[in-house]
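Chemist: I'd like to ask some things about the structure below.
The values are calculated or read from the model by the stated rules, or taken from the named source; none is laboratory data. The model shown is predicted, which means the values in this text are computed figures rather than measured ones. Glycine gets a Cβ as well: all are built from the backbone with ideal geometry, and neighbour counts include every protein chain shown.
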There are 2 protein chains.
Amino acid sequence: MYTNFVHTKILNTTRRPTIGVFDSGFGGLTVLKALLEVVPDAEYAYFGDTARLPYGSKSVETVARYAVEASHFLESQGAQLLVIACNTATALALDRICAAAHVPVVGVVEPGAEAASSATKNRKVVVIGTEATVSSHAYRKALENRGLQAREKACPLLVPLVEEGWVEHSVTEQVAQIYLAEAFADGFHDADTMVLGCTHYPLLKSLLRRVAPAHVSIVDSAESTARAVSTHFQELLPDSDSGVEERRSAPRLKFFATDSTEKFRRLGQRFLGLPIENVEHVDLKE
Amino acid sequence: MYTNFVHTKILNTTRRPTIGVFDSGFGGLTVLKALLEVVPDAEYAYFGDTARLPYGSKSVETVARYAVEASHFLESQGAQLLVIACNTATALALDRICAAAHVPVVGVVEPGAEAASSATKNRKVVVIGTEATVSSHAYRKALENRGLQAREKACPLLVPLVEEGWVEHSVTEQVAQIYLAEAFADGFHDADTMVLGCTHYPLLKSLLRRVAPAHVSIVDSAESTARAVSTHFQELLPDSDSGVEERRSAPRLKFFATDSTEKFRRLGQRFLGLPIENVEHVDLKE
């Protein structure tokens, strides 16, 4: 259960470890939503780089620079574990973020690939994502490392359609049909698993379920990422029993955004599925 | 006529005045295209803030900060006149840019409103643009100052559809139909003029021509802005005849982008309608 949290400094004011969650904007809130279910006994600091979104159409250099800045910010807020809840940032910059961070880092690509590997029977997987994620071939590499065949397909219109709120709209259905027809063409018509390689796409899950071939399993990397985080999180817990009571209370959430906090509150709750009360504006240039 | 230019420092190496053109990305190239026809005897420095696009979904504070940085950059490149070839930056930050600049500044909203005022017979005008431009009501104010009634309509999907290259696609036509049906509803069915309040939209002009009511005149603010710039430009020309020969040669263009230069070249030529050869990467943080 989540309740409104009291706005407090996270640094060392609690015995519960803080997990820093980072995304270019709102999509990472679908990962946070999964984390709240799987790892409820944590503090959370969520950073949305909304002034510079979207990352999906930007270059490696730019995304890496932004992601490293965000990671440092979250560490300054006391994060003892970083979740890169953005497929583009993970795909383009996970190595750079790991090298720059002083705490463990979990991205969304490896957990997504692992879940696809468990789900597929014929070892043929389709991945849909942003232009930048697809161009990086991070998913293809992660899937091929597991002995799977992969087809990646960029779907640049799906993010703006979600942000327009057209999650159950005939236009979105047509766009998804066009993209998925191309994704499942030419030797991939029998792929039996599709990875949602963008944290916006879980909002389209039921529409994509209708549009995708009926035999296809859909893998939401938000859920598999939350399970991966859970493993790391156990290592952060103190051995003693002190603080167990506090750990069992509802998670506390703190949100940071680089653009309008009002817009973050308004749009963010669509992704988190919960009201967002406390958002602080951050200017990374300062 | 435009020919490939030699990549040279603009500062004081020529008698031809330099016009600095600024946009969040590629859309401003439609304004540059109009400028090349109307003011061929200039140097041009075009700055596309592609690492931080789009501005259309961002807040006033963020857009103003980015736009002022861009203006200072163009001045540092020798610009003697600034064209804010971005409706969102003009609508949200023209006053801040003018206050921060040391040279004359021309935005796209006033020329667009002026052209609409000339075109309309029944004084009722529809303006389509990004969410941020529409929320600012900059067009409504500019049109009401001229005694016109205005209806503004945000069309956030049109920019991503143009960037996907779907400029003559049935999905784009349906999206435009939905947006324009709302724009021309409730007392505006007889509006006789529609302003393209976003520099991406000229690429959709023929599609919008089909979708808009037949009696509606479409105003492209790129063209009216170019005419406004032409007036200012005359004042920058030296009185003497020296340099007339040089001034008459083809315009020289220099492009700067904050994200990938390769992508700027590739996507940019769709908007400019000409090959883009020389793009320099700029990092405004340094």
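Chemist: Count, please, the residues in region B:42-71 that happen to be within 17 Å of B:VAL106 (Cβ to Cβ) and out of contact with any Phe, Trp or Tyr (no Cβ under 6 Å at 6 or more places or on another chain). Let's see the steps before the verdict.
Modeler: Of all residues in region B:42-71, those within 17 Å of B:VAL106 (Cβ to Cβ) come to B:42-47, B:67-68, B:70-71.
Next, only the ones that are out of contact with any Phe, Trp or Tyr (no Cβ under 6 Å at 6 or more places or on another chain) stay: B:42-45, B:67-68, B:71.
Number of matching residues: 7.
Chemist: Could you check, for region B:151-167, whether at least one of its residues is within 14 Å of chain A (Cβ to nearest Cβ), part of a helix (DSSP H, G or I), crowded, with 22+ Cβ neighbours inside 10 Å and in contact with an Asp or Glu (Cβ under 8 Å, 6 or more places away or on another chain)?
Modeler: Checked region B:151-167: no residue is within 14 Å of chain A (Cβ to nearest Cβ), part of a helix (DSSP H, G or I), crowded, with 22+ Cβ neighbours inside 10 Å and in contact with an Asp or Glu (Cβ under 8 Å, 6 or more places away or on another chain).
Chemist: Of all residues in region A:203-217, count the ones that are touching a helix residue (DSSP H, G or I) at 6+ places or on another chain (Cβ under 8 Å), closer than 16 Å to A:GLN177 by Cβ and assigned to a helix (DSSP H, G or I).
Modeler: The number of residues fulfilling the criteria is 5.
Chemist: Scanning region B:139-150 for residues that are under 15 Å from B:MET194 (Cα atoms) and in contact with a helix residue (DSSP H, G or I) (Cβ under 8 Å, 6 or more places away or on another chain), which turns out farthest from the other protein chains (Cβ to nearest Cβ)?
Modeler: That would be B:LEU148.
Chemist: What is the residue count in region B:41-58 for residues that are under 12 Å from the mean Cα position of the chain (by Cα) and within 14 Å of chain A (Cβ to nearest Cβ)? Don't jump to the end; show me each part of the working.
Modeler: Taking region B:41-58 first, the residues under 12 Å from the mean Cα position of the chain (by Cα) are B:46-48.
Keeping just the survivors that are within 14 Å of chain A (Cβ to nearest Cβ) gives B:48.
Qualifying residue count, region B:41-58: 1.
Chemist: Are any residues in region A:70-113 closer than 17 Å to A:THR133 by Cβ and surrounded by fewer than 22 Cβ atoms within 10 Å (Cβ to Cβ), and if so, which ones?
Modeler: Answer for region A:70-113, where residues must be closer than 17 Å to A:THR133 by Cβ and surrounded by fewer than 22 Cβ atoms within 10 Å (Cβ to Cβ): A:LEU94, A:ASP95, A:ARG96, A:GLU110.
Chemist: Okay, moving on. Could you look through region B:252-276, keep only residues that are crowded, with 19+ Cβ neighbours inside 10 Å and small (Gly, Ala, Ser), and pick out the one that is nearest to B:GLU164 (Cα to Cα)?
Modeler: Restricting to residues being crowded, with 19+ Cβ neighbours inside 10 Å and small (Gly, Ala, Ser), the top hit is B:GLY268.
Chemist: For the subset of region B:69-84 comprising residues that are among the hydrophobic types (A, V, I, L, M, F, W, C) and within 16 Å of the chain's Cα centre (by Cα), which member is nearest to A:ASP259 (Cα to Cα)?
Modeler: Only one residue fits best here, namely B:ALA70.
Chemist: State whether one or more residues within region A:60-69 are surrounded by 24 or more Cβ atoms within 10 Å (Cβ to Cβ) and outside any helix (DSSP H, G or I).
Modeler: no
Chemist: Another question, then. Checking the structure you have, find out if any residue of region A:170-186 is touching a residue at least 60 places away in the same chain (Cβ under 8 Å) and away from chain B (no Cβ under 14 Å). It would help to see each step written out before you state the result.
Modeler: Kept after step one, since they are touching a residue at least 60 places away in the same chain (Cβ under 8 Å), are these residues of region A:170-186: none.
No.
Chemist: Which residues, taken from region A:176-201, are within 14 Å of A:CYS155 (Cβ to Cβ), crowded, with 24+ Cβ neighbours inside 10 Å and not hydrophobic (A, V, I, L, M, F, W, C)?
Modeler: Of all residues in region A:176-201, those within 14 Å of A:CYS155 (Cβ to Cβ) come to A:176-184, A:194-201.
Those still in the list that are crowded, with 24+ Cβ neighbours inside 10 Å too: A:194-201.
Selection gives A:GLY197, A:THR199, A:HIS200, A:TYR201.
Chemist: Let me ask something else. Please work out which one of (1) within 23 Å of B:SER59 (Cβ to Cβ); (2) surrounded by 24 or more Cβ atoms within 10 Å (Cβ to Cβ); (3) of a type outside the set (A, V, I, L, M); (4) away from chain B (no Cβ under 13 Å) is the condition A:GLY20 fails and give its number.
Modeler: (1)
Chemist: Can you tell me which residue in region B:237-257 is modelled with the lowest pLDDT, limited to those that are of a type in the set (A, V, I, L, M) and touching a Ser or Thr at 6+ places or on another chain (Cβ under 9 Å)? Write out each step before concluding.
Modeler: Initial filter on region B:237-257 (of a type in the set (A, V, I, L, M)): B:237, B:244, B:250, B:253, B:257.
Now narrow it down to the ones that are touching a Ser or Thr at 6+ places or on another chain (Cβ under 9 Å): B:250, B:257.
On the way: B:ALA250: 74, B:ALA257: 97.
Out of the qualifying residues, it is B:ALA250.
Chemist: Now for a different question. Looking at (1) among the hydrophobic types (A, V, I, L, M, F, W, C); (2) more than 14 Å from chain A (Cβ to nearest Cβ); (3) crowded, with 19+ Cβ neighbours inside 10 Å, which is the only condition B:VAL38 fails?
Modeler: In the conditions (1) among the hydrophobic types (A, V, I, L, M, F, W, C); (2) more than 14 Å from chain A (Cβ to nearest Cβ); (3) crowded, with 19+ Cβ neighbours inside 10 Å, B:VAL38 misses (3) alone.
Chemist: Considering only region B:218-233, I want to know if a residue exists there that is modelled with pLDDT under 95, exposed (fewer than 14 other Cβ atoms within 10 Å of the Cβ) and part of a helix (DSSP H, G or I).
Modeler: yes
Chemist: Scan (1) farther than 19 Å from B:ARG210 by Cα; (2) among the hydrophobic types (A, V, I, L, M, F, W, C); (3) away from every other protein chain (no Cβ under 14 Å); (4) in contact (Cβ under 8 Å) with a residue 24 or more places away in the chain for the single condition B:ALA132 breaks and write down its number.
Modeler: (3)
Chemist: Exactly one condition in (1) within 14 Å of chain A (Cβ to nearest Cβ); (2) in contact with a helix residue (DSSP H, G or I) (Cβ under 8 Å, 6 or more places away or on another chain); (3) modelled with pLDDT of 95 or more is false for B:SER260; which is it?
Modeler: (3)
Chemist: Answer yes or no: is there a residue in region A:110-121 that is among the β-branched types (Val, Ile, Thr) and in the same structural domain as A:GLU262 (by TED's automatic domain parsing). Quick ask: steps written out before the conclusion?
Modeler: Taking region A:110-121 and keeping what is among the β-branched types (Val, Ile, Thr), we get A:120.
Still in the list and also in the same structural domain as A:GLU262 (by TED's automatic domain parsing): none.
Scanning region A:110-121, I find no residue that is among the β-branched types (Val, Ile, Thr) and in the same structural domain as A:GLU262 (by TED's automatic domain parsing), so the answer is no.
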